[in-house]
Amino acid sequence: MLKTREDLQALRKAYQASIEKQTRKILVCAGTGCVAGGSPEIHDELIRLIEEKGLKCSVQLEKDPHEDTIGVKKSGCHGFCEMGPLVRIEPEGILYTKVKLEDCAEIVEKTIVNNEIVDRLVYKIEGKPYVRQEEIPFYKKQRRIVLEHCGHIDATSILEYLAIGGYSAFEKALFDMQPEQIVDEVEKSTLRGRGGGGFPTGRKWRQVMNQKDPVHYVVCNGDEGDPGAFMDRSICEGDPHRMLEGMMIAAVATHSNMGYIYIRAEYPLAVSRLSAAIEQARQLGLLGENILGSGFSFDLHINRGAGAFVCGEGSALTASIEGKRGMPRVKPPRTVEQGLFDKPTVLNNVETFANVPQIILKGADWYKSIGPENSPGTKAFALTGNITNTGLIEVPMGTTLREVIFDIGGGMKNGGKFKAVQIGGPSGGCLVTADLDLPLDFDSLKKVGAMIGSGGLVVMDDSTCMVEVARFFMSFTQNESCGKCVPCREGTKRMLEILERIVNGNGRDGDIELLLELADTISSTALCGLGKSAAMPVVSTINNFRDEYEAHIYDKKCPSGNCKKLITYRIDPESCKGCSKCARNCPVGAISGEIKKPFVIDEAKCIKCGACASACNFKAVKEV
């Protein structure tokens, strides 16, 4: 148990020496994606093989080690999820991709024992190998601040976090700064909330700090509900102490003695890592009563949500923590005045808190030197969709979409042509080719009717139906509506019904105008942010792809060929050999004809399943 600041400094120094004794480090990705691919077994097998060679292997940092060792660690997410499981070897910075259990022996023999490269495990583009991780184009244009430790340290060890300088920012805030100075520094940095709204973090902290109520709370929103988003999850899994440290600094600044982390139960690994990190901090005396003899007390509690998307909204989240149904309430009063248990509450998301330690250590001016003036710093994005390199990235604010999609993401998969990117999740908007040079920051995106949101980027190619995209996101939002207010509960249902009619070939004249009218009404009158932004995907797809809506409604055609109800199958009599295979495979008997003569499809009976086209060996069945 650490009782003073000096105890903490001595412990940090001892383990800094310990980590320097690890002359070689093997970092096995233990993020959710790589764990699913078998990385825990790879980790254990590497340890077994190294020890079998008679080499000294250390899994945990040892205090005052007497000899050099090889550290084998479970790291956080490296981000290059498309290529997992991943193994990084330091100090060379070698990154091996798509590692299998049977590759471990060769890695140990060649790389660890003989300092040779296992060429077949190195990432390649058109035959060109990229041995070092930092040289791979996916990483080259990134700048990792929040994710800097993910993939580079043992994600399960507080001792390793201390050894690389962890909790130095908390120590500085606790002993060398007044609450006012902490808030001043965060406010000066112009750090904006990374959960979607982009509200100035320092202003929020100041509002809570100035509340006269003696009880204040710090709450972390880890309820990451956007389809395809996993930024916050990866931080919790890969560098949990970084986020905890940010919350602890917020507690010092706002006179808070209790914090809550709200995280969805569908993130079991993140919950496990956070629970272990909190317990480790308690055992060392960094959480609890009279921390390091300073007189300041603070503790943390984890609440697991049931996966309701609306609980990402502040008042719904705090209601859920209190044991109530997660539903938003009318504002004011706002969370900073009456939040959790009706007390003043600082509420930020995981990524926002993870930014704070570096701002306190390096200063606001350093932070403001990254990215544009009004949106400084970096942003983590989950890059998914029809793109070559999917995964977790972090780039300076102001980086363009073109750089993200084509330089980092490697362009479109399988030679497709870029069509659009959905940014900001189901409440975000679509950006198109004309927006590729748009800088990714809060203000620039707001001008074009989109938002960063929590950071999901779903890239779509020319095979995508944008009307179906709008229908998908509206279906998600409608299902996730809490039902408290009429505009969201009923309005999203009506919009979904119209979109479903359109993709099923029953669109009517005036549907587009009705969708826009409903969107305007819902966004103007809904109670919370979920409802106010629910129609954004529909509005942005209409604005950018109105011709696709019109083709669905008036021509009864889906230009991309995705909407099955709008596909018509016909048999080309010139190509048909009369083999009857199409008729034999039709589940509803819609095809008739005579052997060795062209067959015919009865469009009234056809259910458009495509079985006939799949069965035809002569490509005589055509989509028209």
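The figures follow:
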read-out	value
Ranking of L514, L527 by count of other Cβ atoms within 10 Å, fewest first	L514, L527
Of K556/K605; K324/K532; K532/K564; K13/K362, pairs whose Cα-Cα distance is over 25 Å	K532/K564
Bridge type composition, the chain - antiparallel percent by DSSP, nearest 5	55 percent
Vicinal HN-Hα couplings computed from phi for the range 274-286 (Karplus, 6.51 cos²θ - 1.76 cosθ + 1.60; Hz; Gly/Pro x)	5, 4, 5, 5, 5, 5, 4, 5, 5, 5, 7, x, 8
Mean Cβ count within 10 Å, highest first, over the residues of peptides 587-596, 140-149, 326-335, 533-542	533-542, 140-149, 326-335, 587-596
Residue exposure sequence - H255, H552, H301 - by fewest surrounding Cβ within 10 Å	H301, H255, H552
Normalised contact order of the range 466-555, rounded percent, pairs of Cα under 8 Å and 6 or more residues apart	38 percent
Mean Cβ neighbour count within 10 Å, used as a protection proxy, ranking 188-195, 62-69, 207-214 highest first	188-195, 207-214, 62-69
Helix-only mean residue ellipticity at 222 nm for the chain, each DSSP H run of n ≥ 4 adding -39500 (n - 2.57), per residue, nearest 500	-10500 deg cm²/dmol
Residue list for the range 418-449, given a label point 7 angstrom along the Cα-to-Cβ vector of N479 and an amide N cut-off under 14 Å	426
Relative contact order computed over the range 166-368 (Cα-Cα under 8 Å; 6+ residues apart), in percent	32 percent
Mean Cβ neighbour count within 10 Å, used as a protection proxy, ranking 429-435, 413-419 highest first	429-435, 413-419
Under Karplus coefficients 6.51, -1.76 and 1.60, residue-wise ³J(HN,Hα) of the range 460-476 in Hz, glycine/proline x	10, 9, 6, 8, 8, 8, 6, 5, 5, 4, 4, 5, 4, 5, 5, 4, 4
Percent of alpha-carbon pairs separated by more than 18 Å within the range 76-171	52 percent
For the chain: relative contact order, % (alpha-carbon pairs under 8 angstrom, 6 or more apart)	11 percent
Rounded to whole Hz, the Karplus (6.51, -1.76, 1.60) HN-Hα couplings of the range 172-188, x for glycine and proline	5, 5, 6, 10, 10, 10, 8, x, 4, 5, 4, 5, 4, 5, 5, 5, 5
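FYI, it's all coordinate maths here, none of it is from the lab. Keep in mind the model is a prediction, meaning the values are calculated, not measured. Glycine gets a Cβ as well: all are built from the backbone with ideal geometry, and neighbour counts include every protein chain shown.
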